[in-house]
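**Q** Have a look at this one before I ask anything.
The values are calculated or read from the model by the stated rules, or taken from the named source; none is laboratory data. Note that the structure is a prediction, hence the values are computed from the model and not measured. Heads up, the Cβs are rebuilt from the backbone with ideal geometry, glycines too, and the neighbour counts pull from every protein chain shown.
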């Protein structure tokens, strides 16, 4: 019912199920129910209630296991906390999730959650730590052949490398990401990546390639009907044409957002 958007019905059914399960000794099933309740409450716009349920699920899983289920609850808690603008707390839960998945031998999940941690660290301007996390995540995602997740990681690595003053290296990863998103028909991701690529290419002195990337991004945003992003591309193209300040930044305010990390 959650996947169909019938969150209210799902909540009612889960609450009834938990009442029945709570009267017995099925602690793991109670924990599973608490986790689903937490996710449903978050979908319904009740994040604080969601945190209560997810914390209950974590407490039960800490005693009853399995460790991978506890790690999944920790990752869910991190997602809710990020939505509330509490990145430091989210980061603590992401670290616990990584440890739990690693202990359980779930290397794909380790890569996915490490990517999330890298994005959170980037938002906190901890660039060196973000770089380390994203590089580790990239290795795991590549080994798991998670093609789109790998492209998102390459995009986010590009942002970090650019902000560390390494635009040439940033452009390499952003080109890879752009190619993958374009081939997969993911137009919004491709457009955002093309705009970010233009920023790094411009900083690296590759002005013609930067203009080409910006024009591609603009065309895709026009197709998507995203007037805000089209305006940002127009502004960046104007700056590029005038070559203000030599190697100044291009269109950073809108285009530099991270690609969503896998949940």
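Table: residues versus (1) crowded, with 19+ Cβ neighbours inside 10 Å; (2) in a helix (DSSP H, G or I); (3) under 20 Å from the mean Cα position of the chain (by Cα); (4) in contact (Cβ under 8 Å) with a residue 24 or more places away in the chain.
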site: 41; (1), (2), (3), (4): yes, yes, no, yes
site: 57; (1), (2), (3), (4): yes, yes, no, yes
site: 71; (1), (2), (3), (4): yes, yes, yes, yes
site: 85; (1), (2), (3), (4): no, no, yes, no
site: 90; (1), (2), (3), (4): yes, yes, yes, yes
site: 94; (1), (2), (3), (4): yes, yes, yes, yes
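**Q** Could you give me the residue pairs with C-beta distances under 7 Å whose first residue belongs to segment 228-255 and is surrounded by fewer than 20 Cβ atoms within 10 Å (Cβ to Cβ), whose second residue is part of a helix (DSSP H, G or I) and modelled with pLDDT under 85 wherever it lies, and which are 6+ apart or on separate chains?
**A** Hits for this filter: 228/254.
**Q** Could you grab me the full set of residues in segment 101-128 that are more than 14 Å from residue 161 (Cβ to Cβ), surrounded by fewer than 20 Cβ atoms within 10 Å (Cβ to Cβ) and in contact with a helix residue (DSSP H, G or I) (Cβ under 8 Å, 6 or more places away or on another chain)?
**A** 102, 103, 104, 106, 107, 108, 123, 124
**Q** Related question: Going by what's in this entry, would residue 238 be described as at pLDDT below 95 and assigned to a helix (DSSP H, G or I)?
**A** In short, yes.
**Q** Additional query: When you scan segment 184-223, how many residues do you find that are touching a helix residue (DSSP H, G or I) at 6+ places or on another chain (Cβ under 8 Å), farther than 28 Å from residue 165 by Cβ and either modelled with pLDDT under 95 or surrounded by fewer than 14 Cβ atoms within 10 Å (Cβ to Cβ) (or both)?
**A** Total meeting the criteria: 2.
**Q** Now a separate question. Residue 14 - would you say it is part of a helix (DSSP H, G or I), buried (at least 18 other Cβ atoms within 10 Å of the Cβ), touching a helix residue (DSSP H, G or I) at 6+ places or on another chain (Cβ under 8 Å) and modelled with pLDDT under 90?
**A** yes
**Q** Could you please give the count of residues in segment 130-165 that are surrounded by fewer than 17 Cβ atoms within 10 Å (Cβ to Cβ) and without any contact (Cβ under 8 Å) to a residue 24 or more places away in the chain?
**A** Number satisfying all stated conditions: 5.
**Q** Determine whether residue 248 is at pLDDT 95 or above and in a loop (DSSP other than H, G, I, E, B).
**A** no
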